[in-house]
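Accompanying notes for the structure given below.
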Amino acid sequence: MLARAFWTVAPGQGEIRTETLSMPEPGHVSVRALATGISRGTEATVFAGRVPPSQYQVMRAPLMAGNFPFPVKYGYSAVGINQAGARVFVLHPHQDCFNAPTAMCIPIPDAVPTPRAVLAANMETALNIMWDAAPLAGERMLVVGAGVVGLATASLLARIPGASVTVVDIDGSRAAPARRFGCAFATPDFSPREQELIVHASGTEAGLRLALACAAFEARVVEASWFADRLPALPLGEAFHARRLHILSSQVGSIAPAMRGRRSFAERLTLALDLLADPAYDALLEPPTNFEDLPHAMGKLLAGGLCHLVTYGNDACSV
């Protein structure tokens, strides 16, 4: 059986390659892709060839192929139908059909439509940020960066009783989805100060500086961005120590300490899918792009927007 996959082969350059798909090994199943999602943050870094050599092993996706920097088959947001006819979410790159370990094929609830299900990896990241942040009822909370992860995190924070959640972004069009999730919105110049919990998800030095500037005494700042090979300069002088600020890194590759040993990776991903039953999350999806168009469209897709949906034809696999 022949399968087709998107590979990044040079900085900003991708191509679709054909590969032979063998019969699934014991403990594996075959999956026909229905849709995949493009993660702007990490995938943009991989597409540009900016993964630091020291992080090559750490940043490997579970089912990727190839090696950093190139050529590499990368991605982790696939929705498909397994050989039993059930819809599943798999942490797999952009490929029309593939084999995957049965344990990594997470069933999708009936209440979650296929396009929205591609957000599962982003929601899983947001859920892990929540576990790291340990929000308290009634806190003043700020999310800097209204990308998919930032907005998903804000949506979960807004469910905390009595919480006051503000989303900050330079793009005023992000106000609509923020408010749909029950959050206030502000541009950087109008960001509220004296915030007790701040999640930084903009991936920029300016955003992290803003997060520190908006922090109240003894506030927690959760760093959810990955700067890859960049070296942001931070104002750790002046009032940083007097305000006793806490900066905590959150990364989805490990389950947050509060839930480690209590939830497995599969259980965390299952919960993320359950949370996507809310139709409000459709606001995080951009119009679909056909898989065949990825080689010339990927650069543009990674340059803006929220979650870009990649769709596959019904006759994805050929014999």
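The values are calculated or read from the model by the stated rules, or taken from the named source; none is laboratory data. This one's a predicted model, so the numbers in the text were calculated from it and none came from an experiment. Positions of Cβ are backbone-derived with ideal geometry, glycine not excepted, and every protein chain shown enters the neighbour counts. The protein model used for the area step is the full one, side chains on, heavy atoms only, and it has no ligands, DNA or RNA in it. Shrake-Rupley method; radii C 1.70, N 1.55, O 1.52, S 1.80 Å.
Annotations
- Loop GluC sites (Glu not before Pro), region 220-319 (other Cβ atoms within 10 Å of the site Cβ: 15 or fewer; DSSP): 238
- Cα-only Debye scattering, region 193-248: base-10 log of I(q)/I(0) at q = 0.16, 0.25 Å⁻¹: -0.42, -0.99
- Residue-span extension gain [residue 184 to residue 242] - 0.36 nm each, minus C-alpha spacing: 18.0 nm
- Percentage of interatomic Cα-Cα distances in the chain larger than 35 Å: 19 percent
- Mean separation of Cα contacts under 8 Å (6+ apart) over length of the chain, as relative contact order %: 21 percent
- Share of alpha-carbon pairs per 5 Å distance bin for region 130-212, given as whole %: 3, 18, 32, 28, 16, 4, 0
- Only Lys, Arg (+1) and Asp, Glu (-1) charged, at Cβ; the chain dipole about Cα centre in debye: 400 debye
- The calculated FRET efficiency for residue 249 paired with residue 23, based on their beta-carbon distance and R0 = 41 Å, is about 0.45.
- Averaging 1/r over every pair of different alpha carbons in region 68-118 and inverting the result gives a Kirkwood radius of 11.7 Å.
- DSSP assigns beta bridges within the chain; of those with both partners inside it, close to 55 percent run antiparallel.
- Formal net charge of residues neighbouring residue 19 (Cβ-Cβ distance under 14 Å; K, R +1; D, E -1): +1
- Selection from 222, 258, 246 lying farthest towards where the dipole of region 174-270 points positive, charges on Cβ: 258
- Peptides ranked, highest mean first, by Cβ atoms within 10 Å: ranges 141-154, 198-211: 141-154, 198-211
- Considering only 5, 45, 113, the residue lying farthest towards the positive end of the dipole of region 1-131 is 45, judged by Cα position with unit charges set on Cβ.
- Where a label projected 7 Å from the Cα of residue 277 along Cα→Cβ would reach, residues of region 105-129 with amide N under 11 Å: 109-112
- Out of every Cα-Cα pair that region 34-162 contains, those further apart than 25 angstrom amount to 35 percent.
- Once both labels are positioned 7 Å from their Cα atoms along Cα-to-Cβ, the gap between residue 16 and residue 234 label points is 4.3 nm.
- Potential lengthening of the chain between residue 114 and residue 176 amounts to 20.0 nm, from the contour at 0.36 nm per residue minus the alpha-carbon distance.
- Using only alpha-carbon positions in region 182-319, the gyration tensor eigenvalues give semi-axes of 35, 21, 16 Å once each is multiplied by 5 and square-rooted (largest first).
- Using a probe radius of 1.4 angstrom, the carbon and sulfur fraction of the accessible surface of the chain is 56%.
- Take the chain with all the other protein chains still there, run a 1.4 Å probe, and you get 44 Å² of accessible area per residue.
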